[in-house]
Amino acid sequence: MSGGVPVPGILKRAGELVSPAIAAALGGLGSELREPAEYHFQSPGKGTRPALAILSAEAAGAPSETGVPGAVAIELIHNFSLIHDDIIDNDAERRHRPTVWAKFGIGVGVVAGDALHNLAYEALLRDPTPPRVKAAKHLTKAVSAMIAGQSMDMAFEEKSLVTLDECLAMEQGKTGALLSYATSVGAILAEADDSVVGGLSEFGAQVGVAFQAVDDLLGIWGDPERTGKPAGADLRERKKSVPVVIALNSATPAADELAELYSHPEWDAGGVDAARVLVEAGGGREGTKLLARTHYDLAVSALDSLAAHPEVVDEVIEELRLLADFIVGRDF
């Protein structure tokens, strides 16, 4: 379950298709890199991105297997980013286990992430057909957007005030770009019409923003048993996530107090709790819920528009809608 939403059957079905291909890709690494890479994948996520890639192929009327190279590529890229993010954020634990860098060292973590990045392109270009080359080109753009978003996120640490537009641009790059790719790569590999690819891409981009908004809520108010990270981890790291940015820009007494608190290099034991209260008082919690709902509705509208295309499979559109519910969690 995710936020009370049933687990869609596509996750199991996609996992059965994609997991062996990922295992085979990791098996091609040298022993020094294979061990940390396989260790990272021993505690997998929900597999939503590969599921989206498989569904996007099926939405275009293609067999499930058509989307597998794209599903492998997006999962490898996603996990490369997680390994590197843990180093950047100094996170020693993910999914209740030591992170790769915490177990094997920072240098190994950097190179293991690099290896996954390279394997993603190998998965697509091992057989360089025109659709696979096109999928690789789209992946390059998505990864570039993700890296730009990560760079913005890091730069925000040095800025005293970040606007909501800046924050959303960061999250559209850091999270939305990869989900947009995941929801369209199967259709690219199926050689679907550009309008179908574009509609699926827009759906994923909007789901990405909604998901990140909910994830930002969990980073402040989430249960560690669900998030796999300590309570209030984003506040402890002084992240300028959506709830924090909304509160800082609220022109309320809470905004001034929160800005003052964020300016302190060290917090006492009550700093996280105080920040959490101020973010909520500044409207950060409710404002983020509203933003998540808005982008979720935009994602659904993109799916509704796709249903007008005669080549799009209606049953798959409904599966995409259910998977969007699961990804976002509907915690808003």
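The values are calculated or read from the model by the stated rules, or taken from the named source; none is laboratory data. Small disclaimer: the values here were computed from a predicted structure and weren't measured. Here the Cβ positions follow ideal geometry from the backbone for every residue, glycine too, while neighbour counts run over all protein chains shown. Remember, those area values only see protein heavy atoms, side chains included, never the ligands or the DNA or RNA. Shrake-Rupley method; radii C 1.70, N 1.55, O 1.52, S 1.80 Å.
Of note:
- Of everything in the stretch 177-226 that is touching a Ser or Thr at 6+ places or on another chain (Cβ under 6 Å) and hydroxyl-bearing (Ser, Thr, Tyr), the residue that is surrounded by the most Cβ atoms within 10 Å (Cβ to Cβ) is 183.
- Search result, residues across the stretch 193-219 that are at pLDDT 95 or above and not in a helix (DSSP H, G or I): none
- Matching entry among 222, 228 (being in contact with a His (Cβ under 6 Å, 6 or more places away or on another chain), at pLDDT below 95 and more than 21 Å from residue 137 (Cα to Cα)): 228
- Among the residues making up the stretch 239-262, a single one is open to solvent by 50 Å² or more (accessible area, probe 1.4 Å) and closer than 22 Å to residue 175 by Cβ: 249.
- None of 2, 31, 19 is modelled with pLDDT under 95, hydroxyl-bearing (Ser, Thr, Tyr), open to solvent by 40 Å² or more (accessible area, probe 1.4 Å) and farther than 18 Å from residue 200 by Cα except 31.
- Out of 232, 208, 176, 186, one residue alone is among the small types (Gly, Ala, Ser), under 21 Å from residue 296 (Cα atoms) and touching an Asp or Glu at 6+ places or on another chain (Cβ under 9 Å). It is 208.
- Of the helices (runs of 4 or more DSSP H) lying entirely inside the stretch 263-332, those containing at least 2 residues that are open to solvent by 60 Å² or more (accessible area, probe 1.4 Å) and within 30 Å of residue 160 (Cβ to Cβ) span 271-281, 284-306.
- Any hit, the stretch 273-287, residues being in contact (Cβ under 8 Å) with a residue 24 or more places away in the chain, within 19 Å of the chain's Cα centre (by Cα) and closer than 17 Å to residue 232 by Cα: no
- Candidate set: the stretch 140-156, residues that are surrounded by fewer than 17 Cβ atoms within 10 Å (Cβ to Cβ) and within 17 Å of residue 88 (Cα to Cα); chosen: the one farthest from the chain's Cα centre (by Cα): 155
- Selection from the stretch 162-171 of residues that are surrounded by fewer than 19 Cβ atoms within 10 Å (Cβ to Cβ) and either acidic (Asp, Glu) or closer than 30 Å to residue 54 by Cα (or both): 165, 166, 168, 169
- Close contacts from the stretch 171-194, counting a first residue that is among the polar types (S, T, N, Q) and a second that is open to solvent by 20 Å² or more (accessible area, probe 1.4 Å) and in a helix (DSSP H, G or I), with Cβ to Cβ under 7 Å and a gap of 6+ residues or different chains, come to 172/205; 175/211; 175/212; 180/201; 180/205; 183/201; 184/201.
- Only listed residue being loosely packed, with under 13 Cβ neighbours inside 10 Å and part of a helix (DSSP H, G or I), chosen from 174, 159, 103, 137: 137
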